[in-house]
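The values are calculated or read from the model by the stated rules, or taken from the named source; none is laboratory data. What you are looking at is a predicted structure, and each value in this text was computed from that prediction instead of being measured. Every residue, glycine among them, receives a Cβ derived from its backbone with ideal geometry; neighbour counts consider all protein chains shown.
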Amino acid sequence: MIIFVSLAIAAFIIVGGSFLFGHDHDVGHDHDVGHDVDGGGAEPTISIFSTKVIATLLMGFGAAGAIATHYGANHVVASLVGVACGAVLGGVMYLILEMFYKQQSSSLVPTTEAIGCSGSVTVSIGEGTPGEVGINMDGQYRTFSASSKDGQPIAKGQTVQVVKTMGSHLVVERAT
């Protein structure tokens, strides 16, 4: 019985700590990348192997096993009851976390989506030196550093079109 109780208490501490200290102390399933790459945006996901789900499974296993042992079940039956209850509680935790993760959203817009967009020069682009352009993307006004495609200067206020991206830097040409 002491093993079941110890597992339940240790798992409770892990789950509680994970919720108190947040994602900074959770491991293995959630990554944030600061690089701009082609393709769709990365959505937050949850895994059945996340710390919170596994710890909840262990907590259910320990608590149900301890209760079954207290009511006279042998260790094999108590373990089976613990596995069943732990799996149910882990599944419930997974569904709850999945609901929370689906409500998250990202305001990051990949710069590759700017290709083909028109905007105006907000800081003059010099001959071989970058300037700044403002572009409306997905209903948001955003500014980017930019240089001209042909290396020629473009004056402030001129309308330009994005032809290429280099990381967060845009390459533009005068709009026709």
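So here's what we get for this one:
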| item | result |
| --- | --- |
| Qualifying residue in segment 55-75 (condition: among the hydroxyl-bearing types (Ser, Thr, Tyr), under 24 Å from the mean Cα position of the chain (by Cα) and buried (at least 16 other Cβ atoms within 10 Å of the Cβ)) | yes |
| Condition met for ALA87 (among the aliphatic types (A, V, I, L, M), modelled with pLDDT of 90 or more, more than 35 Å from the chain's Cα centre (by Cα) and within 30 Å of LEU58 (Cα to Cα)) | no |
| THR165 surrounded by 18 or more Cβ atoms within 10 Å (Cβ to Cβ), in contact with a Phe, Trp or Tyr (Cβ under 9 Å, 6 or more places away or on another chain) and not assigned by TED's automatic domain parsing to the domain that holds LYS52 | yes |
| Single residue of segment 140-160 satisfying the filter (touching a strand residue (DSSP E or B) at 6+ places or on another chain (Cβ under 8 Å) and among the small types (Gly, Ala, Ser)) that is surrounded by the most Cβ atoms within 10 Å (Cβ to Cβ) | ALA146 |
| Residue within segment 18-41 that is in the same structural domain as ALA73 (by TED's automatic domain parsing), within 22 Å of VAL88 (Cα to Cα), assigned to a helix (DSSP H, G or I) and at pLDDT below 85 present | yes |
| Matching option when the condition is crowded, with 19+ Cβ neighbours inside 10 Å and either among the aliphatic types (A, V, I, L, M) or outside the structural domain of HIS169 (by TED's automatic domain parsing) (or both), among VAL92, VAL88, VAL133 | VAL133 |
